[in-house]
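The values are calculated or read from the model by the stated rules, or taken from the named source; none is laboratory data. The structure presented is a predicted model; accordingly, all values stated were derived computationally and were not measured. Accessible surface is based on the protein model in full, side chains and every heavy atom, while ligands, DNA and RNA are left aside. Shrake-Rupley method; radii C 1.70, N 1.55, O 1.52, S 1.80 Å.
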Amino acid sequence: MADRKIRTKLVHEGIRRSQYGEMAEAMFLTQGFIYPSAEAAEARFISSTDDEFIYARYGNPTTRMFEDRMAAIEGTEDAFACASGMAAINGALMCTLKSGDHVVGARQMFGSCLHVLKVLAGFGVDVTIIDGADLKNWRAAVRENTKICFFESVSNPGLEVIDIKGVAEIAHAVGALVVIDNAFASPIYSRAVELGADVVVYSATKHIDGGGRVLGGVVCGTKEFIRGPLETYVKHTGGAMSPFHAWVLLSGLQTLDLRVRAQAASAAAVAEAVEGHASLARCLYPGLPSHPQHTLAMAQMGAGGTMLALDLAGGKEAAFRFLNALEIVSISNNLGDAKSIATHPATTTHKNLSEEERATIGITPGLVRISFGIEDTADLLADIKTALDAA
């Protein structure tokens with residue numbers, strides 16, 4: 001299907017049908033598999049094909065369909081499904097690193113990702129955290145023993161955009177892998193592999209599910225990386241995806257393009273309409289010309305994405321008044337859902353960071369992150385404007 005468009009791949013890629021010829025993807029709820037003979041069992045444990053399975057922690061037909069579809073739309077040779085987005089991040093970083101190796105990470109990232117880097121440091125991996133928005137910081141940080149450069153293509157929650165191509169050139173010059181958390185960009189606005197990323201990670205819990213139903217993560221990369229160190233690490237440490245979750249995510253993928261484009265259109269319309277509101281200190285949206293990396297964002301993604309950050313001038317009190325005045329937009333901490341969601345990072349998702357750490361990555365007391373759903377744009381705009389007036 002290499003020559004077919006992404007919307008077609010999202011529906012058809014990777015389908016494996018049983019002898020019954022079912023139309024929808026089959027859900028194989030089994031933890032193990034039967035072998036026709038003792039010799040066959042021995043042979044499968046030595047070397048198994050893509051259609052031979054051993055144990056659900058190692059692989060499953062439903063999970064393999066999801067992996068194949070993700071690899072096809074991301075443009076990588078292979079993919080491996082994990083229990084959650086953080087299981088995917090953990091696996092992608094842990095599977096190749098050892099004591100004495102060096103990792104460079106951008107400071108603009110989700111708190112749990114920063115925590116994984118702290119865990120690595122505790123195991124003797126040398127970790128350097130930089131302001132990833134400036135390429136000169138990457139040049140200054142990499143060393144001969146740098147193994148991984150890790151960052152979010154669009155940061156959570158400040159929506160800073162990092163130059164993938166620029167970082168890839170710097171990393172590859174010293175033989176380092178570029179590992180990208182692409183959750184905010186989504187596979188629809190992702191050009192990470194084309195721009196030089198080696199490993200692309202998604203929290204499938206977000207846009208890919210799109211209905212707030214299940215946890216899931218996926219790592220996309222070369223077959224050598226995915227079926228080598230990554231699969232070995234994840235299958236032995238227990239981070240594999242549930243077949244049921246894979247089945248739900250396959251369903252979510254079918255409407256991903258339709259949903260994400262509608263969500264991004266609403267985000268852009270609302271950002272343009274509320275920028276400059278008296279209640280706001282800042283309106284952060286990569287699609288706005290006022291965004292510091294607007295040109296880069298449009299070159300890398302072609303759109304501003306589904307997320308908007310509003311910094312209320314009145315701090316935490318104003319942010320809480322804004323949140324409590326919302327009627328359509330729900331207060332929660334997920335994103336990429338069909339329902340619009342607002343989050344106050346300083347008191348929820350990034351609460352465990354120190355005040356200084358939050359300030360360093362632009363999380364002020366007044367910052368609110370909004371994930372746009374598929375509701376009517378006019379209704380969302382009216383809801384957010386009313387809440388801003390209340391703030």
Query raised in the report: What do you get for Rg/Rh of the stretch 196-354 when both radii come from the Cα atoms and Rh is the Kirkwood radius?
Result: 1.01
**Report entry** Total lysine pairs under 15 Å (Cα atoms) in the chain, excluding pairs fewer than 8 apart on one chain
**Finding:** 5
Report summary line: Calc'd 3J(HN,Hα), the stretch 85-100, phi into Karplus 6.51 cos²θ - 1.76 cosθ + 1.60 (θ = phi - 60°), Hz, glycine/Pro = x, comes to x, 6, 4, 5, 4, 4, x, 5, 8, 6, 5, 10, 9, 9, 3, x
Query raised in the report: Over what distance in Å are the Cα centres of the stretch 349-391 and the stretch 5-25 separated?
Result: 38
Query - Alpha-carbon centroids, the stretch 299-343 and the stretch 169-241: separation in whole Å - result: 25
Requested in this report: Grab the DSSP H runs of the chain that are 4 residues or longer, score each as -39,500 (n - 2.57), total them, divide by all residues and round the 222 nm result to the nearest 500 deg cm²/dmol.
Outcome: -11000 deg cm²/dmol
Requested in this report: Give the accessible surface of the stretch 18-115 per residue, rounded to a whole number of Å², with probe radius 1.4 Å and ligands, DNA and RNA excluded.
Outcome: 46
Query - Karplus-derived HN-Hα couplings along the stretch 352-361 (A = 6.51, B = -1.76, C = 1.60, θ = phi - 60°), whole Hz, x at Gly and Pro - result: 6, 7, 5, 4, 5, 5, 5, 4, 4, 9
**Report entry** Length-normalised contact order for the chain - Cα pairs under 8 Å, 6+ apart - percent
**Finding:** 17
Query raised in the report: Carbon and sulfur atoms: what percent of the 1.4 Å accessible area of the stretch 110-161 do they account for?
Result: 52
Report summary line: Listed by chain and number, the residues whose amide H is under 5 Å from that of Val127, excluding neighbours fewer than 5 places away on the same chain and using placed H, are Val103
Requested in this report: For the stretch 145-261, report the accessible area per residue in Å² (1.4 Å probe, heavy atoms, rounded to an integer).
Outcome: 30
Requested in this report: List the pair-distance distribution P(r) of the chain, using every Cα-Cα distance, as the percent of pairs falling in each 20 Å bin from 0 up to the bin containing the longest distance, rounded to whole percents.
Outcome: 28, 56, 15, 1
Report task. For the chain, find the longest principal axis of its Cα atoms and tell me its angle to the long axis of helix 164-173, 0 to 90°, nearest 10. Result -> 50
